[in-house]
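One structure is given below, encoded as structure tokens.
The values are calculated or read from the model by the stated rules, or taken from the named source; none is laboratory data. Worth saying up front: this structure is predicted, and the values here are computed from it rather than measured. A quick note on method: Cβ atoms are made from the backbone with ideal geometry, for glycine too, and the neighbour counts reach across all protein chains shown. What goes into the accessible areas is simple: the full protein's heavy atoms, side chains included, and nothing from ligands, DNA or RNA. Shrake-Rupley method; radii C 1.70, N 1.55, O 1.52, S 1.80 Å.
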Amino acid sequence: MSDQPNFLFLITDQHRADWLGCYGHPVLKTPNIDDIAAHGTQFNEFYVAAPVCMPNRASLLTGRMPTVHGLRYNGCNLSASANTFVDVLAAAGYDTAAIGKCHLQAFTGLPSWHAARNPRRLVEEAWKPDECDYSREAPESFTSNERFQAEASYYGFTHLDMVTGHGDRCGGHYGQWFRANVAEWRELWDDANELPHNYTCPQAYRTPVPEELYPTAWVADRTIDYLTSQERLGKPFFAFVSFPDPHHPFNPPGKYWDMYSPDDFELPLPYSEHKNPIPPMRWLEANFRGAGHQLTSQTAMFQDEQAIRESMALTSGMISCIDDNVGRIIAALKESGQFDRTVIIFNSDHGDYLGDYNLLLKGLLTTRGITRVPFIWSDPKNRAAKSTGALASTIDLSATILDRAGLEPYYGIQGRSMLPAIEDNLDHRQELLIEFNDGAPKFGFTEPARVRTLLTRDWRYTIFSGEPWGELYNLSTDPNETNNLWNDSKFFTVRAGLSERLNHHLVRQMDESPRARHLA
């Protein structure tokens, strides 16, 4: 196995593709991530399987869509019986590490909307209870002063340095480390000690936690420790390095707070640009005008121009903080002598509206801002700058990594290897499926929304379960998705054709594993 490459997988949280220098952002500076792209293949049409954290992270690890792997919306757990591509790497002799945010199990400890409202039933679910322990990311696992040690591998990972939560007060191993090593940790985590500022956007918080103690720096420190560890030298490794930023709250530490000014940013796609917004968009605007509130701190919201400019500036600060720490990690990889046999990957779990139609965060509106994410592949076989328009999905990551390692995937994987697109500039997909399942009724819906999107090079077709309206955008003439053609009779034939193609995708959402071992 000595000729197998290492993999350094760098992933950010809630980071849309166009918020990187190499993807053309006019203000934000990301020289270290740009350098990965300058020595690799940059995908310009890479999309998530689901535009929220947990379902898409589970799709990344399993190579399967949410309706197949079962983690359908945030707050569920990826079944302990699920195999991941990391399990395959580990079985092949790879040392496997997860450093940072995993989010394959619930980590807030808070009851769900369903748990708070549904009556107790004699038989609660359609399936008998799963007896596995799903507390590996739960807050109670990290309350002790003793470092929490997992008893076995975690979805294939044998080395864990876990971060749970977001912002400056993350939990997991980071929280344990912070309490044990920072004498003034209570003061640094006290709202009363917020540093002064004049920002008014929701969830803007000027943390007193210094840059070197902030979760982003801690993830980089633990990654550098891992890369320079003598214990695993000689074995190929897969390191999944997951930064919990630039996910809100908006709290870049130290110099990153005022690295960018709100005056540097413009709203390229205000709400007024949309010619015929669908009901949830109108609900969000009306909710804002009527002084409504978010259902939770994670729920998408409508905001005014100043709040969005401030969010853009603070998000840029968090991304620049990540970029500096990516530079530290790459420098350590080079110093370790392993750079020339390591595939470096950069990706994100989903995007953020970040001003599109005056919206922030993410949700059921499957616009490019939350579905299109960065994907860069820098391979020691050919570290040349390339750019591809090949259409690809999060579910393809697993198959691609296993293909590069020379390993066969398990039955039931739905992803396809992107190596032909990377190595031979070939096309990849003609269309792909994006799923969204809400955990509670929001934005005017009376039931949790179920949304399916078919994306092609020229069209986005989105259907909302039970609703007479939907979305149809001609991406070749309307790349910003400002004119919904759903009710335009000139496009009824197009709509019907896309509906049929979406049906074919939905029919394929059957679990092909396990395969029959006997004739009936």
Each residue of the range 354-367 in order: what ³J(HN,Hα) in whole Hz does its phi give by Karplus 6.51 cos²θ - 1.76 cosθ + 1.60, θ = phi - 60°, with x for Gly and Pro?
6, x, 4, 6, 6, 9, 10, 6, 8, x, 7, 7, 7, 6
What Kirkwood Rh does the range 117-207 have if only Cα atoms enter the pairwise 1/r average? Answer in Å.
16.6
Take every Cα-Cα distance within the range 433-520, group them into 10 Å bins from 0 onward, and report for each bin the whole-number percent of pairs it holds.
15, 40, 29, 11, 5, 1
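How would Arg501, Arg179 rank on accessible area, largest to smallest, probe 1.4 Å?
Numbers: Arg501 95, Arg179 70 Å².
From most accessible down to least: Arg501, Arg179.
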Can you give me the solvent accessible area of Ile344 with a 1.4 Å probe, rounded to the nearest 10 Å²?
0
For Ser465, Ser378, give me the order by solvent-accessible area with a 1.4 Å probe, most accessible first, ignoring ligands, DNA and RNA.
Ser465, Ser378
Can you list, bin by bin at 5 Å, the percent of alpha carbon pairs in the range 350-453, starting at 0?
2, 10, 17, 18, 17, 13, 11, 7, 4, 1, 0
Whole-percent pair-distance distribution, where bins are 5 Å wide, for the alpha carbons of the range 192-277:
3, 10, 15, 16, 13, 12, 10, 9, 6, 4, 1, 1
What is the local net charge at His293, summed over the other residues whose Cβ is closer than 15 Å to its Cβ (Lys, Arg +1; Asp, Glu -1)?
+1
Rg in Å to one decimal, and Dmax rounded to a whole Å, for the range 53-105 via C-alpha atoms
11.1, 33
Could you compute how fast the range 159-201 diffuses translationally, taking Rh as the Kirkwood radius over C-alpha pairs and applying Stokes-Einstein at 20 °C with viscosity 1.002 mPa s? Give it in µm² per second.
180
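Can you give the accessible area per residue of the range 198-260, in Å², using a 1.4 Å probe?
Numbers: 2070 Å² over 63 residues.
Here the residues of the range 198-260 average 33 Å² of exposed surface.
Return the tail of the calculated pair distribution for the range 270-427, meaning the percent of Cα-Cα pairs more than 23 Å apart. List each step's numbers first, then the result.
Numbers: 6836 of 12403 pairs.
In whole percent, the long-distance tail amounts to 55.
Two decimals, Cα atoms only, Kirkwood Rh: what is Rg/Rh over the range 227-294?
Values: Rg = 21.6 Å, Rh = 17.6 Å.
Rg/Rh: 1.23.
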Based only on the alpha carbon positions, what is the Kirkwood hydrodynamic radius of the range 164-308, in angstrom?
18.4
Residue-wise HN-Hα coupling along the range 200-216, computed from phi with Karplus coefficients 6.51, -1.76, 1.60 (Hz; x: Gly, Pro)
10, 5, x, 6, 7, 9, 8, 6, x, 5, x, 3, 6, 10, 6, x, 4
List every residue whose amide H lies under 5 Å from the amide H of Asp245, counting only residues 5 or more places away in sequence or on a different chain, with H placed 1.01 Å from N in the peptide plane.
Asp13
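Rounded if a/c is under 1.5, else prolate if a/b beats b/c, else oblate: with a ≥ b ≥ c from the C-alpha gyration tensor eigenvalues square-rooted, which is the range 364-413?
Values: a/c = 3.33, a/b = 1.22, b/c = 2.73.
Here the range 364-413 falls in the oblate category.
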Karplus-derived HN-Hα couplings along the range 55-72 (A = 6.51, B = -1.76, C = 1.60, θ = phi - 60°), whole Hz, x at Gly and Pro
x, 6, 5, 5, 5, 4, 6, 9, x, 9, 6, x, 5, 9, 7, x, 8, 8
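With respect to the cross-link table entries Lys101/Lys235; Lys29/Lys442; Lys255/Lys362; Lys255/Lys381; Lys235/Lys362, which display a Cα-Cα separation exceeding 31 Å?
Details: Lys101/Lys235 24 Å; Lys29/Lys442 35 Å; Lys255/Lys362 27 Å; Lys255/Lys381 38 Å; Lys235/Lys362 39 Å.
Going by Cα-Cα distance, Lys29/Lys442; Lys255/Lys381; Lys235/Lys362 fall outside the 31 Å limit.
Can you tell me, using C-alpha contacts under 8 Å and at least 6 residues apart, the relative contact order of the range 246-390 as a whole percent? Please report the intermediate quantities before stating the final value.
On the way: 164 pairs, mean separation 45.0, N = 145.
Averaging sequence separation for qualifying contacts and normalising by length gives 31 percent for the range 246-390.
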Under the rule rounded for a/c under 1.5, else prolate if a/b exceeds b/c, else oblate, using alpha carbon gyration tensor axes a ≥ b ≥ c, the chain is classed as rounded
Relative contact order for the chain: what is it in percent, counting Cα pairs under 8 Å that are at least 6 residues apart?
25
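For Cys22, Cys201, give me the order by solvent-accessible area with a 1.4 Å probe, most accessible first, ignoring ligands, DNA and RNA.
On the way: Cys22 35, Cys201 5 Å².
Listed by decreasing accessible area, they come as Cys22, Cys201.
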Percent antiparallel among DSSP beta bridges with both residues in the chain, to the nearest 5?
50
The set of residues whose placed amide H lies less than 5 Å from the amide H of Arg16, leaving out same-chain residues fewer than 5 positions away, is Asp352
For a paramagnetic label modelled at 7 Å from the Cα of Asp478 toward its Cβ, which residues of the range 354-395 fall within the zone defined by backbone nitrogen distances under 13 Å?
none
Value of [θ]222 nm, deg cm²/dmol, for the chain, DSSP H segments ≥ 4, -39500 (n - 2.57) each, nearest 500
-7500 deg cm²/dmol
